[in-house]
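Here the structure is laid out as structure tokens; the discussion comes afterwards.
The values are calculated or read from the model by the stated rules, or taken from the named source; none is laboratory data. Worth saying up front: this structure is predicted, and the values here are computed from it rather than measured. Cβ coordinates were reconstructed from backbone atoms using ideal geometry, including for glycine residues, and neighbour counts include every protein chain displayed. For the accessible areas, the whole protein counts, side chains as well, though only heavy atoms, and no ligand, DNA or RNA atoms are used. Shrake-Rupley method; radii C 1.70, N 1.55, O 1.52, S 1.80 Å.
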Amino acid sequence: MSDPLPAITEAQASGAIADLFADIRATVGVRVVNLVWRHLATMEGALPWAWAAVKPLYLDGLPDAAMATFRQTMDIPRLTSLAGEEPASVDAVLASYDHSNTINLFALGALRAWLNGQAAGEGAIAPAPRKPAPDLQLPKLASEEDVDPATWAMVLRLNRFGDEPQPLILASMYRHLAHAPAFLQRVEGALAPVAADGSLRRAILDNRQTAATLASTLARSISAERPAHADAIEKAVGLFVDHAIGKMVTICRAIRTARGVAL
């Protein structure tokens, strides 16, 4: 399982898709294009429509404002300490995903609510200054052939945490961290107890519900024509909101908190 969903890699992208990927990187302020966008690129007309619908939200700082509100009451599971010296790439990956996953959760959650006709009936989130994304160099997105079998097995085990009944998407953060297997082993040891006692899953579900409420308000700011294949686009976006991004927003924040780094 490398990309369990069909996706166009950044290296494969050409023409209009490559241009859209470049615009996504520049607008969101990240060096890599999230799997959700690469997956939408495999569906005829989906990526141009979806990006045009949510790009204004990013430009107005609306996901940033939602993120600031969300983090005031976010439920963060308490992990055993993950402090200590690690390769610089570890904290770079964590900082990058902590920002981009949370921003994307609100933009994509808003898109899903709009497609479902579940935009809030009232209320608004005011535009806010955008929070600069960490401009950090990330290691290669590892695939199974890039690491030893034990490390890849650990990536797959980690991916099961917080995703029930079974994971549908392999979270890219673990693939970026696969180049630091000793750290991943520490993460597995820290996540196992909170997964076993149910506190990890409860936090993920609580945070997803809070995010969905904010996203439904954000959806009021989307102005678009309903696309062809709207149901397929909503299903694809929903997979990420409910699974990979929905769980990793909580998990990544918990790991960074356990690292003891400035947030």
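Expressed as a rounded percentage, what relative contact order does the stretch 16-124 have, with Cα pairs under 8 Å and six or more residues apart? Averaging sequence separation for qualifying contacts and normalising by length gives 29 percent for the stretch 16-124. Its Cα centre serving as origin, the stretch 1-93 has a Cβ charge dipole (Lys and Arg +1, Asp and Glu -1) of approximately 120 debye. Structure remark: mean-square fluctuation, Gaussian network model of the chain, C-alpha springs under 10 Å; the largest value among GLY198, GLY15, GLY121 belongs to GLY15. Of the residues GLN185, CYS252, THR210, the one whose Cα sits farthest towards the positive end of the charge dipole of the stretch 133-263 is THR210 (charges of +1 on Lys and Arg Cβ, -1 on Asp and Glu Cβ, taken about the Cα centre). Listed peptides 203-210, 60-67, 245-252, 85-92 appear in the order 245-252, 60-67, 203-210, 85-92 once ranked by packing, highest mean of other Cβ atoms within 10 Å at the front.
Ignoring ligands, DNA and RNA, what accessible area per residue does the chain give at 1.4 Å, in Å²? The partial results should precede the final answer.
Working: 11440 Å² over 263 residues.
Accessible area per residue, the chain: 43 Å².
Which of the peptides 160-166, 97-103 is most tightly packed, and how do the rest follow, judged by the mean count of other Cβ atoms within 10 Å per residue? Let's see the in-between values first.
Numbers: 160-166: 15.1, 97-103: 24.6.
Packing order, densest peptide first, comes out as 97-103, 160-166.
Think of the chain as a dipole: +1 on every Lys or Arg Cβ, -1 on every Asp or Glu Cβ, centred on the Cα centre; then among ALA228, GLY198, TRP114, GLY198 lies furthest on the positive end.
Ranking PHE161, SER172, GLY123 by how far each Cα lies toward the positive end of the dipole of the stretch 120-174 (charges on Cβ) leaves GLY123 at the top. For the chain, the Cβ-based charge dipole about the Cα centre amounts to some 520 debye (Lys, Arg positive; Asp, Glu negative; other atoms uncharged).
How many percent of the accessible area of the stretch 185-227 is carbon or sulfur, using a 1.4 Å probe? Exposed carbon and sulfur together represent 47 percent of the surface.
What number do you get for the chain when its Cα radius of gyration is normalised by 2.2 N^0.38 Å, N = residues? Mind dumping the intermediate values first?
Working: Rg = 17.5 Å, N = 263, 2.2 N^0.38 = 18.3 Å.
Expressed relative to 2.2 N^0.38 Å, the Cα Rg reads 0.96.
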